[in-house]
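The values are calculated or read from the model by the stated rules, or taken from the named source; none is laboratory data. No experiment lies behind these values; they were computed from the predicted model shown. Neighbour counts are summed over all protein chains in view; Cβ atoms, including those assigned to glycine, are modelled from backbone coordinates with ideal geometry.
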Amino acid sequence: MRDVLRGWRDEVGDTYALGLVRVALGLLLFASALREARELQDGYFGDVFHWPLVPEALVPSRAVYAALVVTQVLLAVLVVAGHRARAALLASALLGAHVLACDRLQFHNNRWALDCYAALLAFAPCDRSFQLGPPPVTRVGPLWAARLAQVQLSMIYVASGGSKLLDPDWRGGQVLLERFRLYGGQALDAGVPQWLVERMSQADVTSVLAKLAIATELLLAVGLWSRRARVFALWWGVWFHLVIQATSRVEWFTWLTLAVYVLFVTPDVRARRLSFDASRARGRWAARAVRTLDWLARFEVRPWTPDGLRRGHAVVVVRRDGTAATGLRALAMVARCTPLLFPLWAPLALLASFTRGQDARVTA
Amino acid sequence: MPGALDLPPRARLLFAASWVVLQAALVLTARTRPDGIFGFRMFPEASTLEIHLSREVGGRWVPAPGGEWSARDAAGQLRHFSFRDRVRDPVLSSLDVRVFAAYGADAQLARLGRALDDVADHVPEDGETTRLRAEVTVWRNGRDPATTVLASRPRRSP
């Protein structure tokens, strides 16, 4: 146990992905500050009924609150730009938490989660990539705070899944059944087929869905930490949150969680190679697409000089372990490593598993 | 500032342990808070409720449809009052209609109880009303309705 703790405490790695998470959190903080500004235009919450956690004397006046909102906008800009980003993250988190404490009517789980992640990321070297200004001396840095943010995500899953598991109405499907009854009309208006809405509004179906949702949350809390299960857990989690986003109002929670998922990627860059035939349009197009979508810098993309193995292929992907993939397997590999294509990874990988003999070990 | 945020190894463990203990405590005690805040209880219920407001005048309860009422001030001048002047929350300010109880019925009832006190404290020109009351019909997760009555604290100088 002591070795595990020491390993966690002293772990270092490439912090490239942390920069991407910082930018995503900065954009969400920016959106959150803009929402507060819009709400302020409609009226200041302190002038009407509010329910503070802190003593009323600590609730700012309208003018101070306006200044605070402007400050939050500026801090979010600093976070996105990567200039004094860590201090800006911590200040954003503290101000955000204070606003929540000034009026618990404004409390939403996603807002609290954003403040928590921003606070934790402030302690991680997340300002060494995706930043304005000169490049850092090194991108390698301690990862303990990023790991703590990952623990935070797992705690959220356990809290959410656990509270549902302990609630007989939830685990029995009653809560979902009533939600479908209440919002089935909206689903119809949105173009969901009537037969599907009717089927989903049946007790036996919602009972199964409830158990699936609870199992998903609890298993994600664990599965994300398993080296073997991680990719599938991430893929399942992505779809879980996309479905929630499409069917419920959760503000920015989906995008926040998906941003935090990035912390689970292996902390290295360009550990895979994508070689393409520059003489073929398909190869050039694939290379350009991967360069554009490869936000996590998973691939070293370069043209090849055709040889015996690669002849006949526009693209060859070489994995970390040195094995090469072509065709559908290469496409599955690209989907696995690029955030925008990641939702397609599992079906592509399944299809690719039926293809024959397209993998080979590259010894060069 | 980043220097101060680069914790030495021993402080990392202390910080992480404190963070986890704090979050665990907030999650485990969420049930003790009516609105369950800081507990990450997502979609806790699918309850709905309908609020009807009334006010106590001379020992009798008088309905205030839509949260609106008129009353005379100390000088005998007739004035108009609205619950929504103070309460802007989309759930609490939807009176006489059935609405979704975001974060659960208990959360909304707790908020409503405080909203009644707040409104009662902020209508100094109302020289007639001694208390406000909300009769709330709650459909908890689609079950048969149950009615709860909440009242504000008595006003000091109606």
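Restricting attention to segment A:156-189, the residues that are touching a residue at least 12 places away in the same chain (Cβ under 8 Å) and within 25 Å of B:LEU28 (Cα to Cα) total 15. The residues on offer are B:PRO154, B:PRO145, and the sole one that is modelled with pLDDT of 95 or more and surrounded by fewer than 19 Cβ atoms within 10 Å (Cβ to Cβ) is B:PRO145. Looking at the structure I just gave you, is B:PRO63 surrounded by fewer than 16 Cβ atoms within 10 Å (Cβ to Cβ) and not assigned by TED's automatic domain parsing to the domain that holds B:ALA134? Answer is no for this residue. Go through segment A:155-178 and report how many residues are facing chain B (nearest Cβ under 7 Å) and under 26 Å from the mean Cα position of the chain (by Cα). Summing the residues that are facing chain B (nearest Cβ under 7 Å) and under 26 Å from the mean Cα position of the chain (by Cα) in segment A:155-178 gives 5. Taking segment A:283-306 as the search range and keeping residues that are hydrophobic (A, V, I, L, M, F, W, C), touching a residue at least 40 places away in the same chain (Cβ under 8 Å) and in a loop (DSSP other than H, G, I, E, B), which one is nearest to A:VAL318 (Cα to Cα)? My answer is A:ALA297.
For every residue, the table says whether it meets (1) farther than 26 Å from B:GLY104 by Cα; (2) surrounded by 15 or more Cβ atoms within 10 Å (Cβ to Cβ); (3) within 22 Å of the chain's Cα centre (by Cα); (4) more than 9 Å from chain A (Cβ to nearest Cβ).
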residue: B:ASP6; (1), (2), (3), (4): yes, yes, no, no
residue: B:ALA75; (1), (2), (3), (4): yes, no, no, yes
residue: B:ARG86; (1), (2), (3), (4): no, yes, yes, no
residue: B:ASP89; (1), (2), (3), (4): no, yes, yes, no
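The conditions of being over 20 Å from A:VAL158 (Cβ atoms) and not β-branched (Val, Ile, Thr) are not met by B:ALA30. Just one of the numbered conditions (1) closer than 29 Å to A:TRP225 by Cα; (2) touching a residue at least 12 places away in the same chain (Cβ under 8 Å) is not true of A:LEU5: (2).
Taking the condition outside any helix (DSSP H, G or I), free of Cβ contacts under 8 Å to residues at least 60 places away in the same chain, hydroxyl-bearing (Ser, Thr, Tyr) and more than 10 Å from chain B (Cβ to nearest Cβ), does A:THR216 pass? Judged against the criteria, A:THR216 is not a match. When A:ALA101 is tested against the conditions (1) more than 25 Å from B:PHE40 (Cβ to Cβ); (2) under 30 Å from the mean Cα position of the chain (by Cα), the lone failure is (1). Kindly evaluate A:GLU251 against the criterion of being acidic (Asp, Glu), closer than 24 Å to B:PRO44 by Cβ and either out of contact with any Pro (no Cβ under 6 Å at 6 or more places or on another chain) or assigned by TED's automatic domain parsing to the domain that holds A:VAL21 (or both). Yes. I'm trying to understand the selection: among the residues of segment B:21-35, which are in contact (Cβ under 8 Å) with a residue 12 or more places away in the chain and either more than 8 Å from chain A (Cβ to nearest Cβ) or of a type in the set (A, V, I, L, M) (or both)? Within segment B:21-35, B:LEU26, B:VAL27, B:PRO34 qualify. Could you list all residues from segment A:87-120 that are among the aromatic types (Phe, Trp, Tyr) and closer than 23 Å to A:LEU143 by Cβ? Result: A:TYR117, single match. Only residues that are assigned to a helix (DSSP H, G or I) and free of Cβ contacts under 8 Å to residues at least 12 places away in the same chain were counted in segment A:224-233, giving 0. Is it the case that some residue within segment B:48-56 is surrounded by 14 or more Cβ atoms within 10 Å (Cβ to Cβ), touching a residue at least 24 places away in the same chain (Cβ under 8 Å) and on the phi > 0 side of the Ramachandran plot? The answer is no; no qualifying residue exists.
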